[in-house]
Amino acid sequence: MIIAIDGPAASGKGTLAKRIAAHYGYAYLDTGVLYRAVGRDVLKAGRSLEDVSAAAEAARSLDISTFDDPELRSTTISDAASKVAVIPAVREALMQMQKSFPQGKSGAVIEGRDIGTAIFPDADAKLYITASLEERARRRFAELAAAGENITYEAIYADLEARDLRDQSRVVSPLRIAEDADLLDTTKLDIEAALFAAVRLIDAAMDRSKCAFG
């Protein structure tokens, strides 16, 4: 069983995806960590984020033991991830890692930007999680302020706006709603209400999937 969750940055999809995975007892993968790790490694190597060969090499040699690095949640690395994610060679290098994740598992919840459209187009259930840009900026500002980062709401708003444009306009696997995905707007929902709504949509999708296969 595969549940694909997509959506823009700071829409709440990460927190929600973790709760969904716990609800169903499924494995969870945040594919954004892969791109953040690539961005981090390119910067640590002293290379430009636009250097295709450096980014592709970083993607091919990721060390999964470093995925809990707190630096991956910083504003700098999040921005770097958005920049390397537009490079086709990086997306190709990470694709197989993502596709192989559900193997040997009873179920998996996988979240990112192109899970339901490119990575798992035949997922059993698909959600597109969104929220207004203003609310997403407010959430990210609160998160980073709590972590001690010195940043303004206005700067975060501008960063998210730029990231949305990059994600939606990239040539390979742009961020978009899959035709068969359920849309969930979390602008006015807290996590419990969002989880309740998501589970209802996923259960309905699973029921449709069972009916389709007899």
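Worth a mention:
- Leading residue by the ranking (farthest from Tyr157 (Cα to Cα)) among those in the range 76-100 that are open to solvent by 40 Å² or more (accessible area, probe 1.4 Å) and among the hydrophobic types (A, V, I, L, M, F, W, C): Met97
- All positions within the range 114-155 that are crowded, with 16+ Cβ neighbours inside 10 Å and β-branched (Val, Ile, Thr): Ile115, Thr117, Ile119, Ile129, Thr130
- The single condition among (1) aromatic (Phe, Trp, Tyr); (2) part of a helix (DSSP H, G or I); (3) over 18 Å from Ser82 (Cβ atoms) that Phe141 does not meet is (3).
- For Glu111, the criteria (1) assigned to a loop (DSSP other than H, G, I, E, B); (2) at pLDDT 95 or above hold in every case but one, which is (1).
- Test: residue in the range 24-35 that is within 19 Å of Glu92 (Cα to Cα), of a type in the set (Ser, Thr, Tyr), touching a residue at least 40 places away in the same chain (Cβ under 8 Å) and not in a helix (DSSP H, G or I): yes
- Number of positions in the range 57-75 that are surrounded by fewer than 13 Cβ atoms within 10 Å (Cβ to Cβ) and not aliphatic (A, V, I, L, M): 5
- Taking the conditions (1) farther than 25 Å from Thr117 by Cβ; (2) of a type in the set (Ser, Thr, Tyr); (3) not in a helix (DSSP H, G or I) in turn, Ser65 satisfies each one other than (3).
- Total residues in the range 144-155 satisfying the condition of being part of a helix (DSSP H, G or I) and touching a residue at least 12 places away in the same chain (Cβ under 8 Å): the figure is 2.
- Residue within the range 5-21 that is assigned to a strand (DSSP E or B) and closer than 21 Å to Ile177 by Cα present: yes
- Ile20 being in contact with a strand residue (DSSP E or B) (Cβ under 9 Å, 6 or more places away or on another chain), in contact (Cβ under 8 Å) with a residue 12 or more places away in the chain and open to solvent by less than 30 Å² (accessible area, probe 1.4 Å): yes
- Within the range 156-175, being among the aliphatic types (A, V, I, L, M), part of a helix (DSSP H, G or I) and surrounded by fewer than 14 Cβ atoms within 10 Å (Cβ to Cβ) holds for Ala158, Ala162, Leu165.
- Among residues of the range 68-94, those that are in a helix (DSSP H, G or I), of a type in the set (A, V, I, L, M, F, W, C), more than 14 Å from the chain's Cα centre (by Cα) and more than 17 Å from Gly46 (Cα to Cα), counted: 3
- Any hit, the range 186-195, residues being more than 26 Å from Ala21 (Cβ to Cβ), more than 16 Å from the chain's Cα centre (by Cα) and not in a loop (DSSP other than H, G, I, E, B): no
- Residue within the range 41-56 that is loosely packed, with under 15 Cβ neighbours inside 10 Å and either β-branched (Val, Ile, Thr) or in contact with a Cys (Cβ under 9 Å, 6 or more places away or on another chain) (or both) present: yes
The values are calculated or read from the model by the stated rules, or taken from the named source; none is laboratory data. The structure presented is a predicted model; accordingly, all values stated were derived computationally and were not measured. We place every Cβ from the backbone using ideal geometry, glycine too, and count neighbours over all the protein chains shown. Keep in mind that these areas ignore ligands, DNA and RNA; they rest on the heavy atoms of the full protein, side chains included. Shrake-Rupley method; radii C 1.70, N 1.55, O 1.52, S 1.80 Å.
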